[in-house]
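Asks: Sharing a structure below in structure tokens format, with a few things to ask.
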Amino acid sequence: MKRERIIAEVETVSDARKVEETVKTGYVEALIETLVNWIGVEEDLVSSYERFASRQTNTQAKDVFQQLAKESGENVETLTDLKKSFEMLDKARISRIEQLSKMK
């Protein structure tokens, strides 16, 4: 299945640089910022669920909150790995922009 082009054909170095800059600011940076915020939410959930668990007298409820805290902790690790991957993509994007800028 063939997909439609998302961008027009890149015809010049200037066009290529503009597309690279748009990808950096419109996608990569936005995704990193979103991941940072999501990591913060998951970290807050870990501490909240741990606090809920510590206050429970019902073993079943305590186990549920401990499991939720564990899952949010695992989410933090996964999201942190994703963030690192996007930061690597961002560094590569910067290099591409710099290379294209030298070609003026």
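The values are calculated or read from the model by the stated rules, or taken from the named source; none is laboratory data. Everything numeric here is computed off the predicted structure, so don't read it as measured data. We place every Cβ from the backbone using ideal geometry, glycine too, and count neighbours over all the protein chains shown.
Asks: For LYS2, only one of the following conditions fails: (1) more than 30 Å from MET103 (Cα to Cα); (2) at pLDDT 95 or above. What is its number?
Replies: The failed condition is (2).
Asks: On to the next question. Filter the helices (runs of 4 or more DSSP H) completely within region 8-104 down to those with at least 1 residues that are under 13 Å from the mean Cα position of the chain (by Cα) and free of Cβ contacts under 8 Å to residues at least 40 places away in the same chain.
Replies: Counting at least 1 such residues, we get 29-55, 59-101.
Asks: If VAL76 meets every condition in (1) exposed (fewer than 15 other Cβ atoms within 10 Å of the Cβ); (2) of a type in the set (Val, Ile, Thr); (3) touching a helix residue (DSSP H, G or I) at 6+ places or on another chain (Cβ under 7 Å) apart from one, which number is that one?
Replies: In the conditions (1) exposed (fewer than 15 other Cβ atoms within 10 Å of the Cβ); (2) of a type in the set (Val, Ile, Thr); (3) touching a helix residue (DSSP H, G or I) at 6+ places or on another chain (Cβ under 7 Å), VAL76 misses (1) alone.
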